[in-house]
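Okay, structure first, notes after.
The values are calculated or read from the model by the stated rules, or taken from the named source; none is laboratory data. Worth saying up front: this structure is predicted, and the values here are computed from it rather than measured. Positions of Cβ are backbone-derived with ideal geometry, glycine not excepted, and every protein chain shown enters the neighbour counts. For the accessible areas, the whole protein counts, side chains as well, though only heavy atoms, and no ligand, DNA or RNA atoms are used. Shrake-Rupley method; radii C 1.70, N 1.55, O 1.52, S 1.80 Å.
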Amino acid sequence: MNVVKLHLISYHFCSEAEKKTTLDQSLRGVLGDQIKASCDEYLALIYISIEAVTEGICSATTPFLLLGDVLDCLPLDQCDKIFSFVEENVSTWKSSTFYSAGKNYLLRMCNDLLRRLSKSQNTVFCGRIQLFLARLFPLSEKSGLNLQSQFNLENITVFNKNEQESTLGQKHTEEKEDGMEVEEGEMGEEEVPATCSIPIDYNLYRKFWTLQDYFRNPLQCYEKFSWMTFLKYSDETLAVFKSFKLDDMQASKRKLEELRTSAGEHVYFAKFLTSEKLMDLQLSDSNFRRHILLQYLILFQYLKGQVKFKSSNCILNDDQTAWIEETTKLVHQLLKEIPPEGEKFSAMVEHILNTEENWNGWKNEGCPSFVKESDELTRLWNLHADNMEACKSDDREFMPSLDEFFAEAIEQADPTNMVEDEYKVVRNSNYGWRALRLLSRRSPHFFQPTNQKFKSLADYLDSMVSKLAKELPKDIPSEEIKTGEEDDDDNGDNLLKESNDSPSMQSKMVSNQQMDDVAAKLGAKWKTLAGQLEMKASELREIETDSEDVDMQAKLLLVAWQDREGTQATVENLVSALNAASFTQIADNLSEA
Amino acid sequence: IERLLHMSVFSQSFSPCGKFLAAGNNYGEIALFSLSAALGPDANELSQKPILTFTAHEGPVFSLLSTDSHLLSAGNGEISAWSWAELIKKCLCALPPSLRSSLEIPEINAMALNPADNSLAVGGGDNNVHIMDLENGAFKSVLQGHTDYIHCLSVRERASEVLSGGEDGAVRIWDTRTSQCVHCVEVYKYETCARPQHGKWISCLTTDSDWMLCGGGPSLSLWHLRSMSPTSVFPLSGCQRQATFYQDMILTVGEGQCVSHCLMGGEVKAQIPCTPHSINTLAINTNSTEHRVLTVGGSSDHIDVFTNLSYKAFSLRF
């Protein structure tokens with residue numbers, strides 16, 4: 001605390017940078033003093049330092065230095081707690097203030113810890129450290145990658161080659177002198193070897209475990225003699241797997257459990273147990289087989305694959321490739337036969353190995369970073385400041401106008417063109433749907449109530465098209481439309497006659513307004529007109545049920561008439577009908593309007 | 001080489017100490033193999049060859065049997081007894097048998113030992129089962145009843161019974177004390193077992209106190225001796241030549257290049273491939289724990305050895 005006081009005094013008289021250094025030093029000093037204190041106090045101090053960095057009064061490296069100091073001084077069980085703190089704050093470490101300053105320190109700190117820990121005794125802690133490093137660094141961080149695709153050549157599987165060494169292994173011995181653990185399933189020197197109680201297939205035993213050496217160092221496979229041995233031993237081993245089918249799961253599980261309890265408390269799978277007594281049991285164990293078969297598949301993938309770091313003489317000849325292909329099939333078949341869920345396992349393995357190809361490719365390219373810069377996306381994003389406004393702009397208006405869309409349909413509707421029904425575009429359901437949507441937005445005809453029943457969308461569209469054809473701008477110089485009109489003339493002579501009298505008005509279609517007027521005047525007497533309009537009784541009934549209001553009914557009648565007549569729903573026709581029904585006054589009104 | 005190609009192994013027997021295997025072939029030879037050498041960690045190709053081969057009989061050695069001290073071999077009409085001690089000492093000179101039977105029995109196919117009264121049951125081509133007293137080598141009795149030659153024999157110790165199966169399709173159960181036939185089962189008459197396309201002969205027979213396995217022309221079937229009815233029939237296509245009870249399983253061999261593992265319920269659990277295409281003899285070395293292996297021999301000069309029942313470890317060769 002005296003150190004702190006002193007520093008605080010000099011604090012006021014220093015520059016910013018010097019202030020920082022002062023604080024750094026004091027923090028470290030305090031920590032040093034507190035060495036006998038509990039973890040929580042350390043953590044509190046380190047937490048203060050983090051806050052200080054955020055405030056800008058302390059250099060960014062200080063928290064890391066403090067952590068490093070603490071971990072160096074503490075025994076492993078307390079390091080656990082400190083490390084939890086580190087893990088929890090991974091997001092802090094990753095933030096920009098801390099990352100560049102601290103990453104190297106963190107890496108060194110973790111590596112130091114890993115060196116101190118035993119891979120077999122503190123597996124979980126080692127795992128946590130590895131996971132933390134994985135979260136902290138991006139995927140392409142070079143220090144975390146095996147860039148050269150090197151193999152762990154030190155992973156040697158030891159087994160008994162001589163009879164003298166073969167003993168009834170009960171305990172695992174670990175040589176702790178140099179930290180290297182060699183698990184052999186052997187026992188200590190004191191116990192007298194008991195005689196073997198089961199027959200042992202030494203031949204298989206030796207060949208089987210020799211295979212592990214090939215898995216450890218696959219490059220041996222490229223040498224001719226080694227390959228021959230590998231081939232021979234593999235064939236024999238796989239033949240045993242094939243012959244020895246697994247089914248009785250329960251029995252083998254039980255045996256393995258018994259073995260485990262007799263072998264002592266430390267049971268872990270960092271290395272294979274290679275006692276020859278275990279061979280039979282191992283062969284009956286599904287998981288063991290899966291391990292071995294998977295090793296084969298991984299090896300084959302390496303041998304066949306394009307790996308940048310293989311030297312040029314590492315190529316398989318045709319025979320070797322053929323054997324690998326065949327054996328891969330056999331291995332997969334064997335995997336499928338292993339209960340439980342062999343098929344699923346085999347499929348999963350295949351999938352994973354396929355994914356491996358991608359990683360292999362990535363390595364071949366020197367592990368490029370995964371953060372992608374995309375020009376196209378940037379351009380798209382920057383097209384308009386406000387994307388919502390951009391959507392509203394006029395040049396994004398894509399809906400066609402009625403005449404553009406229906407031009408083709410109108411042309412086809414013209415009888416002179418003699419377009420057969422089935423080829424008409426209105427019969428295309430796609431077109432029909434779009435037509436409906438367009439009509440709903442652009443055309444008032446869509447919303448006019450009609451009594452006409454249409455058997456299909458195509459028929460409805462036909463009638464719509466003919467209505468539209470009438471309304472479209474007639475400045476399109478087209479002979480078709482003219483001939484269409486001529487045809488109409490053929491159908492209705494009175495049309496022509498009456499048009500002579502008042503050409504412009506009489507040949508016009510009855511408008512909505514006109515219909516409303518007439519309907520209002522007709523009122524309840526609309527049924528009389530119905531007779532003149534040649535309406536069917538069924539239609540009359542429908543009108544009656546549709547509405548109770550007489551004016552409405554009259555209107556419905558007229559609309560129905562209009563729908564039916566289509567192009568013939570002209571003023572003259574209505575007038576003549578009205579006259580015939582003795583509604584002369586209404587007729588006159590209509591003519592004059 | 002040709003000789004080897006045409007060789008068939010018909011019989012096997014383990015030494016009382018369990019360290020040796022004797023095998024008899026169609027040339028009348030008996031070969032002695034050292035199991036400890038073949039199973040040892042330093043075994044090589046030579047360890048898989050016989051330590052001794054000698055001609056025991058003129059005709060094929062169809063049956064081999066071991067007592068506590070002697071190896072009994074049956075050839076064309078005669079039974080010879082060889083001292084195991086002598087055999088193991090590998091006397092290569094022409095070995096005269098310690099004993100030769102006095103009675104000429106045509107074509108001895110099967111022998112079975114009855115330790116209860118130290119007698120040997122011999123099944124022969126004369127359709128009879130002869131009982132020989134091992135003390136003096138004299139024949140005590142003849143069990144007559146079969147109408148065709150005997151294929152196989154089995155002894156049911158507890159009940160002092162001998163079971164015999166023959167070409168006539170019958171399995172006869174004889175009481176050794178009275179020399180009477182107490183039961184006669186004509187297996188081929190049972191629909192579940194019968195396989196008329198193969199014939200009616202019974203080539204394989206074995207008992208285990210209350211149970212009996214028999215097969216041949218008819219399918220291999222498991223019978224309950226008290227009720228004298230078949231409880232399970234095994235769906236094995238070939239004709240079975242030898243079957244045995246082992247732990248809770250049934251192991252059987254015959255036509256077909258495999259050892260079949262079956263369960264009492266009738267299920268075929270596994271079929272383990274072997275070298276010979278057709279197998280005549282199956283033996284389990286119950287005389288030793290460290291050499292407890294299964295060996296099979298058949299239409300080949302190879303005898304397959306199994307340390308683990310589920311796969312063939314290696315082969316001994318004549």
Exercise. Counting only residues 5 or more places away or on other chains, whose amide H sits under 5 Å from the amide H of B:S63 once H atoms are built in the peptide plane?
Worked result: B:A74
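On a 1.4 Å probe surface of the protein chains, which of A:S582, A:S456 comes out largest in accessible area, and what is the full order?
Descending order: A:S582, A:S456.
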For this session: Nearest 100 Å² is fine: how much accessible area is buried between B and A, summed over both sides, with a 1.4 Å probe?
Result: 1400
Exercise. Whose amide H sits under 5 Å from the amide H of B:W201, counting only residues 5 or more places off or on another chain, with H placed in the peptide plane?
Worked result: B:G217
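Can you work out the FRET efficiency for the pair A:D40 and A:N155, with r the C-beta to C-beta distance and R0 = 35 Å, to the nearest 0.05?
0.30
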Problem set entry | Rounded to whole Hz, the Karplus (6.51, -1.76, 1.60) HN-Hα couplings of segment B:219-231, x for glycine and proline | 5, 5, 9, 9, 10, 8, 5, 6, 8, 6, 9, x, 9
For this session: Write down, largest first, the equivalent ellipsoid semi-axes of segment B:210-309 in whole Å, where each equals the square root of 5 times an eigenvalue of the alpha-carbon gyration tensor.
Result: 23, 16, 11
Problem set entry | Accessible surface, 1.4 Å probe, highest first, among residues A:D201, B:D210, A:D319 | A:D319, B:D210, A:D201
Seminar exercise, completed: At the level of C-alpha centres, the distance separating segment B:248-318 and segment A:512-545, in angstrom, is 103
Seminar exercise, completed: The FRET efficiency for B:D148 and B:E86, from their Cβ-Cβ distance with R0 = 30 Å and rounded to 0.05, is 0.20
Problem set entry | Sites B:I1 and A:N146 - FRET efficiency at Förster radius 45 Å, r taken between beta-carbons, to 0.05 | 0.25
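Rounded to two decimal places and with Rh computed the Kirkwood way over Cα pairs, what is Rg over Rh for segment A:516-567? List each step's numbers first, then the result.
Values: Rg = 9.8 Å, Rh = 10.7 Å.
Using only Cα positions, Rg/Rh for segment A:516-567 is 0.92.
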Seminar exercise, completed: Site A:Q448, offset 7 angstrom along Cα→Cβ, radius 12 Å on amide nitrogen, limited to segment A:562-583, gives A:562-571
Exercise. What GluC sites (Glu not before Pro) in segment B:107-203 are in a loop by DSSP, with at most 15 other Cβ atoms within 10 Å of the Cβ?
Worked result: B:E135, B:E157, B:E191
Exercise. If you keep only loop residues by DSSP, which trypsin sites (Lys or Arg not before Pro) in segment A:294-327 have at most 16 other Cβ atoms within 10 Å of their Cβ?
Worked result: A:K308, A:K310
Exercise. How big is the accessible area of A:E51 in square angstrom, nearest 10, if you roll a 1.4 angstrom probe over the protein chains?
Worked result: 90
Exercise. Ordering B:S63, A:S591 by how much accessible area each has at a 1.4 Å probe, largest first, what is the list?
Worked result: A:S591, B:S63
Seminar exercise, completed: Stretched fully, the stretch from A:S226 through A:N287 gains (0.36 nm per residue minus C-alpha distance, one decimal, in nm) 19.2 nm
Exercise. Can you pick out the pairs among A:K142/A:K344; A:K470/A:K525; A:K161/A:K224 whose Cα atoms lie more than 27 Å from each other?
Worked result: A:K142/A:K344; A:K470/A:K525
Seminar exercise, completed: Contact-by-burial set, segment B:270-318, min loss 40 Å², accessible area of protein heavy atoms with 1.4 Å probe, reference chain alone, gives B:E290, B:T307, B:N308, B:S310, B:Y311
Problem set entry | Cα→Cβ-extended label distance, 7 Å offset, between B:M228 and A:E422, nm | 8.4
Problem set entry | DSSP-assigned coil residues among GluC sites (Glu not before Pro) in segment A:530-563, each with at most 11 further Cβ atoms within 10 Å | A:E534, A:E548
